[in-house]
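Below you'll find the structure, written out as structure tokens, and then a few comments.
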Amino acid sequence: MLVLVVDSSTPAVTAALAEVSADGVVLRASRCTVDARAHGELLAPQVDAVLADVGARPADLGAIVAGLGPGPFTGLRVGLVTAATMGQVLGVPTYGVCSLDGLGQRSGDGATVLAASDARRREVYWAVYDGAGQRLAGPDVAAPAVVAERARDLAVTVAVGDGAHRYADVLGLPVRAEPRYPDPLALVRLAAERIRADAPGEALTPLYLRRPDAVAATGHKPVLR
């Protein structure tokens, strides 16, 4: 089955195609552009590009996998709205995966890993994974100093992700060069069991973890005195 993968939870705008079969998962095509201000402009053309790379059409898709975040409101909703709309139009199921899980799956050496992405406001979105890729804590959002303390409590030995690079001096952990952003192959592998089982599609509920910057006014300011 040909599966589209999208993630816009970080400054990296990612679209990929994967082949999911009973034997495994193979990445067929992938595009990733890092631009925190152009999620809306970049994602749709990248979806078109990966389809063209393998000579496929949207009608050839059997499922869609989307990174649920956590991530900043504006960027994250681009990927989720795109995935949900395509799923509805094409009549194919959509499956959500925590985007940080796409960072914490590549240990391979038994290390306990901190996955961190930039949350702005001098904070990071974070989660901790054991050597088998199982999430031990998170997802959550906090200042890097708070995350460093939690990482020590959980015996973390290495960090990954853009947030870990940005705040390496505060976290006090070795930081791996890759993955810096959610890995589309990891995301689709985490959804592969549901895809193979032809599980019902899921509502793509975003993991914002905090309120958006813009909020409705709670009162009226007098204009006449």
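Some values worked out for this structure:
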quantity	calculated
Pairs with Cβ under 7 Å, 6+ apart, first in region 59-82 and open to solvent by less than 30 Å² (accessible area, probe 1.4 Å), second among the basic types (Lys, Arg) and not in a helix (DSSP H, G or I)	72/120
Entirely in region 135-214, the helices (runs of 4 or more DSSP H) that have 1 or more residues that are β-branched (Val, Ile, Thr) and out of contact with any Ser or Thr (no Cβ under 9 Å at 6 or more places or on another chain)	144-153, 168-171, 184-196
Residue among 29, 84, 49 that is within 15 Å of residue 8 (Cα to Cα) and of a type in the set (A, V, I, L, M, F, W, C)	84
Condition check for residue 54: among the β-branched types (Val, Ile, Thr), farther than 14 Å from residue 94 by Cβ, buried (at least 21 other Cβ atoms within 10 Å of the Cβ) and in contact with a Lys or Arg (Cβ under 6 Å, 6 or more places away or on another chain)	no
Per-region count, region 98-118, residues surrounded by fewer than 24 Cβ atoms within 10 Å (Cβ to Cβ) and either part of a strand (DSSP E or B) or β-branched (Val, Ile, Thr) (or both)	2
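The values are calculated or read from the model by the stated rules, or taken from the named source; none is laboratory data. Please read these numbers as outputs of a predicted model, since none were measured by experiment. Backbone-built Cβ (ideal geometry, glycine too); neighbour counts: all protein chains shown. Side chains are part of the model used for accessible areas, which takes the heavy atoms of the whole protein and leaves out ligands, DNA and RNA. Shrake-Rupley method; radii C 1.70, N 1.55, O 1.52, S 1.80 Å.
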